[in-house]
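One structure is given here, and the rest of the page talks about it.
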Amino acid sequence: MVVLGQYLPLATPLHRLDPRVKIIAVLLLSLVIFRAAGYQILLVTLFFAGLIGAGRIPLRKMGGALRPVVPFMALLLGMHLLLTEGTPLFSLFPLPLAVTAEGGRQGACVVWQFAGLVIAGALLTMTTSPSDLVGGIERLLRPLRRVGIPSAEIAVMIAMALRFLPLILEEYDQIRMAQLSRGADFSSRSPLRRLRAAAALAFPLLLAAFRRADALIMAMEARGWHRGPRTSLRELKLTRADGVALAVLTAVLAADIGLGRIPL
C-alpha cells in the first residue's frame, strides 16, 4: 500500500498544530536540508526522529513513503560514485570507471537530502487532513489576492495534487501486478520489449488518471463548487502549542546556523 501523501488520523500534538505552522516548518526545513553538511545532517536527522515520535508515525509507514523513490535514490548514489572525480577506491575493470571516496560522500549526502525532503513532505501530509491543508495554504496565500492571484484555487489545486500522488502510485502498482500476471516481462534486455512493456503500463495509467479526474470534477460540480471567496468550517487560530512549536523550530534553525560554522 502506497502511503506517500496519505493522512493518518491520530490524536497527537503534531496533528493538532495549526497547518500554517507545519507548512512554514516544511519550507524552512527544505532550505536547511539543501545546505546541510556535517553536524547539520545529524541535527536535522535527530529532529526528524523527534517529529516522527511526536506524531506517532509507524516506521513502516515512513518506510512505505520512501519506498517509491528508492530506485531514484539508488540511481543518484550510483551516478555520484562512478562519475565524481577523486581518490579511487576500486576500479570497475574493464570499464573506464572507478568508485571514488569523494563520490561516496557526495552521493550519500544527496541521497540523504532527497530522503529528507520526502520525509518532510510525508510528515506534513500524514499529520494534516486535506481540508486543513487547503485551509492553511489558502490563508498563507491570501495576501496575494490583492494582486489578482486566486489563493483559494491555488490551494485546492495543490491539495488535489498531493492527494492524487498516492492514488496514482497505487494505480501503477495494481496495473504492474496485473501485467505481470499476464506474462509481461519488465526485465527483458530487448529495447523493443521494454518499450512495449512501458506502453502497457503508461496507457492504462493515463486512462485511470483521466477517469479519476473526471469523477472528481463531477463530484465537485455536484457539491456546487465555484470559484471565488469561500468560508471555512474551521477558522484557523494560533494557540500556545503553535507558539511552542515555532520556538522549537527557531531553536533548531539557530543551532543549524551555529553548527554550520564549526569546521569538520
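Among the conditions (1) aliphatic (A, V, I, L, M); (2) surrounded by 17 or more Cβ atoms within 10 Å (Cβ to Cβ); (3) more than 27 Å from E153 (Cα to Cα); (4) touching a Pro at 6+ places or on another chain (Cβ under 9 Å), V111 misses just one, which is (4).
Report yes if A202 is part of a helix (DSSP H, G or I), of a type outside the set (D, E) and at pLDDT below 90, otherwise no. Judged against the criteria, A202 is a match. Of all residues in region 122-168, exactly one satisfies the criterion of being surrounded by 20 or more Cβ atoms within 10 Å (Cβ to Cβ) and not in a helix (DSSP H, G or I), namely T128. Is it the case that region 89-103 has a residue that's assigned by TED's automatic domain parsing to the domain that holds L17 and under 30 Å from P13 (Cα atoms)? No; the residues of region 89-103 include none that is assigned by TED's automatic domain parsing to the domain that holds L17 and under 30 Å from P13 (Cα atoms). Checked against the criteria, G63 does not count as at pLDDT below 95, at positive phi, surrounded by fewer than 19 Cβ atoms within 10 Å (Cβ to Cβ) and out of contact with any strand residue (DSSP E or B) (no Cβ under 8 Å at 6 or more places or on another chain).
Pairs linking a residue in region 12-24 that is outside the structural domain of L123 (by TED's automatic domain parsing) to a residue that is among the β-branched types (V, I, T) and modelled with pLDDT of 90 or more, with Cβ atoms under 7 Å and 6 or more positions apart or on different chains, do not occur. If you take the residues of region 52-65 that are without any contact (Cβ under 8 Å) to a residue 60 or more places away in the chain and within 17 Å of the chain's Cα centre (by Cα), which of them is nearest to L10 (Cα to Cα)? The residue in question is P58. Considering only region 25-33, I want to know if a residue exists there that is crowded, with 17+ Cβ neighbours inside 10 Å, farther than 29 Å from L259 by Cα, in the same structural domain as D242 (by TED's automatic domain parsing) and touching a residue at least 40 places away in the same chain (Cβ under 8 Å). No. Selection of region 8-51 for residues being of a type in the set (V, I, T) and either on the phi > 0 side of the Ramachandran plot or not in a helix (DSSP H, G or I) (or both) yields only T12.
Report, by residue number, each residue of region 73-121 that is under 21 Å from G38 (Cβ atoms) and either in a loop (DSSP other than H, G, I, E, B) or free of Cβ contacts under 8 Å to residues at least 12 places away in the same chain (or both). T84, G86, T87, R105, listed by residue number.
Here is a yes/no grid of residues against (1) in the same structural domain as V21 (by TED's automatic domain parsing); (2) among the acidic types (D, E); (3) in contact (Cβ under 8 Å) with a residue 12 or more places away in the chain:
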{"site": "T128", "(1), (2), (3)": "yes, no, yes"}
{"site": "V134", "(1), (2), (3)": "yes, no, yes"}
{"site": "R145", "(1), (2), (3)": "yes, no, no"}
{"site": "Y172", "(1), (2), (3)": "no, no, yes"}
{"site": "R176", "(1), (2), (3)": "no, no, yes"}
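The values are calculated or read from the model by the stated rules, or taken from the named source; none is laboratory data. All of these numbers come straight from a predicted model, not from anything done at the bench. No Cβ is skipped: glycine too gets one built from the backbone with ideal geometry, and neighbour counts run over all protein chains shown.
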